[in-house]
Amino acid sequence: MKHYKSDQVIIFDTTLRDGEQSPGASMTKEEKVRIARQLERLKVDVIEAGFAASSPGDFEAIKAVCAAVKDSTICSLARANDKDIARAAEALAGANSKRIHTFIATSALHMEKKLRMTPDQVFEQAIRAVSYARNHTDDIEFSPEDGYRSDPDFLCRVIEAVIKAGATTINVPDTVGYAIPELYGQFILNLRQRIPNSDQAVWSVHCHNDLGMGVANSLAGVQIGGARQVECTINGLGERAGNTSLEEIVMALKTRKDYFKLFVGVDATQIVSSSKMVSQITGFVVQPNKAVVGANAFAHASGIHQDGVLKARDTYEIMRAEDVGWSANKIVLGKLSGRNAFKQRLQELGVSLESEADVNDAFAKFKTLADQKSEIFDEDIMAIVSNAEQHQEADYFRFISLSQRSETGERPSAKIVLRSGENENVTTAEGNGPVDATLNAIEMQAKSGAELLLYSVNAITSGTESQGEVTVRLAKGGRVVNGVGTDPDIVAASAKAYLAALNRLHDPSQEKLNAQMAP
């Protein structure tokens with residue numbers, strides 16, 4: 001188990017686990033490995049790679065992350081039962097540094113309505129789970145789910161017992177985003193002061209953003225409560241209103257070190273590239289006015305602000321854009337660039353493709369794109385790789401070609417050629433616009449019956465030549481999936497996104513057990 005200094009805040013990233021619980025944000029094994037490698041470059045201390053017992057796919061993804069990452073501690077979530085913990089231990093076997101994170105609900109509401117267990121039963125099960133986990137690793141994290149709404153006396157009893165049983169990190173989650181900063185910080189402090197062996201564990205905070213105070217609550221847990229680990233996600237990704245935002249926590253601690261007097265080991269220059277990667281893979285676009293990583297985070301529209309920044313940056317900027325990884329959209333490659341230059345740029349961007357065949361395929365897509373637009377940016381290359389990984393050879397639906405016609409005063413139509421399984425079919429349909437006609441043509445062939453919950457378009461870079469990035473969210477039978485497609489032609493990008501979502505609906509390995517289900 002790694003040891004940290006008393007003035008270091010441990011950054012525990014749960015993008016791959018709790019962040020993935022956002023509707024439709026489920027990731028493939030390859031996508032999880034890509035993000036995990038980027039999190040390692042970001043120098044995140046702990047990566048919660050998934051919930052091993054949720055599905056065979058999550059189990060394999062955690063194993064793959066363990067093989068790919070050497071510096072960060074890899075963690076798997078497990079409910080407080082032997083089966084989940086054993087599954088987590090098996091998935092983590094190949095990790096250089098590993099942690100098992102086990103949890104059970106402790107609030108009266110959750111114990112009665114969800115677990116249907118008495119407090120004494122929960123108490124005993126928590127101890128058994130931590131004791132069993134200690135057989136597999138000496139790095140054990142315990143979380144009392146809905147801890148902030150739990151009875152403090154009962155919570156003290158449980159936490160004291162699990163520390164005695166071997167828990168090395170105690171995480172007190174605000175599971176439903178109910179906390180207020182001052183009260184939450186004092187809550188953590190009271191627990192630490194009341195529990196006799198509290199100094200034998202690192203205290204952690206895990207806050208949700210339902211009232212928009214996830215970051216503030218986490219910082220209060222650190223400054224007032226004395227917590228030394230923050231659980232967070234890239235872009236604040238997560239179910240409902242999301243989790244505590246990693247980039248905001250890190251930059252608050254770095255920018256206001258004069259107040260917090262603490263440090264984090266994160267390489268902040270990797271923040272923006274991490275944000276863009278997670279956004280492209282999950283299809284969750286970052287709002288322009290998002291702190292630190294939003295497109296407008298360092299933009300100054302006001303004339304007074306612009307004048308001040310030109311004279312002295314610190315008049316209106318409390319941190320430098322380049323400190324978090326922002327840079328101008330630099331042209332990196334063009335249509336005359338060769339394969340070696342392309343491969344080198346992939347390495348510089350932290351992209352590691354599995355085989356030379358994958359590199360060749362990505363290079364072919366790059367050359368095709370270079371014929372369509374004169375300037376190729378880093379974001380374009382990342383989109384090529386994300387698109388290639390999303391569309392695997394095993395995909396049931398594959399895009400072949402598209403033609404569409406739209407003229408003022410006439411109803412638009414589209415003709416699409418798709419491969420469904422082993423068959424290639426041509427379908428024509430009309431719609432209210434070229435996108436609607438295209439999706440209608442796909443649905444006529446796929447007959448999925450899925451409900452379209454979201455259709456979103458985003459420009460990957462600036463300028464009219466920019467690739468369009470389309471996100472489609474579909475729901476069927478209780479499952480929600482996202483599909484992302486990119487293309488200089490928005491209509492083609494829309495078709496690719498819709499097909500990507502259909503493939504995820506069609507793939508049984510994408511079905512996962514929700515971590516919050518009772519054991």
Filter result (outside any strand (DSSP E or B) and of a type in the set (Ser, Thr, Tyr)) within the range 153-175: Thr168, Thr175
Boolean, Ser494 is over 29 Å from Arg79 (Cα atoms) and at pLDDT below 90: no
The listed residue being closer than 21 Å to Glu20 by Cα, free of Cβ contacts under 8 Å to residues at least 24 places away in the same chain and not assigned by TED's automatic domain parsing to the domain that holds Lys373, out of Gly485, Gly409, Gly477: Gly477
Tally of residues being more than 24 Å from Arg99 (Cα to Cα) and under 20 Å from the mean Cα position of the chain (by Cα) across the range 174-210: 4
Residue count, the range 1-23 (criterion: of a type outside the set (S, T, N, Q) and either closer than 24 Å to Leu505 by Cβ or assigned to a helix (DSSP H, G or I) (or both)): 6
Test: residue in the range 404-415 that is at pLDDT 90 or above, part of a helix (DSSP H, G or I) and surrounded by fewer than 20 Cβ atoms within 10 Å (Cβ to Cβ): no
Pairs where the first residue, in the range 223-248, is assigned by TED's automatic domain parsing to the domain that holds Ile271 and surrounded by fewer than 24 Cβ atoms within 10 Å (Cβ to Cβ) and the second is assigned to a loop (DSSP other than H, G, I, E, B) and of a type in the set (Gly, Ala, Ser), C-beta under 7 Å, 6+ apart: Glu239/Ser22; Ala241/Gly177; Glu248/Ala291
Enumeration of residues in the range 10-30 that are more than 13 Å from the chain's Cα centre (by Cα) and either buried (at least 24 other Cβ atoms within 10 Å of the Cβ) or on the phi > 0 side of the Ramachandran plot (or both): Ile11
Filtered residue count, the range 48-58, keeping only those that are under 14 Å from Met27 (Cβ atoms) and either within 16 Å of the chain's Cα centre (by Cα) or among the hydrophobic types (A, V, I, L, M, F, W, C) (or both): 5
Yes/no for Asp138 being assigned by TED's automatic domain parsing to the domain that holds Glu60, out of contact with any helix residue (DSSP H, G or I) (no Cβ under 9 Å at 6 or more places or on another chain) and either assigned to a helix (DSSP H, G or I) or buried (at least 24 other Cβ atoms within 10 Å of the Cβ) (or both): no
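The values are calculated or read from the model by the stated rules, or taken from the named source; none is laboratory data. As the structure is a computational prediction, the values presented were derived from the model and not from experiment. Positions of Cβ are backbone-derived with ideal geometry, glycine not excepted, and every protein chain shown enters the neighbour counts.
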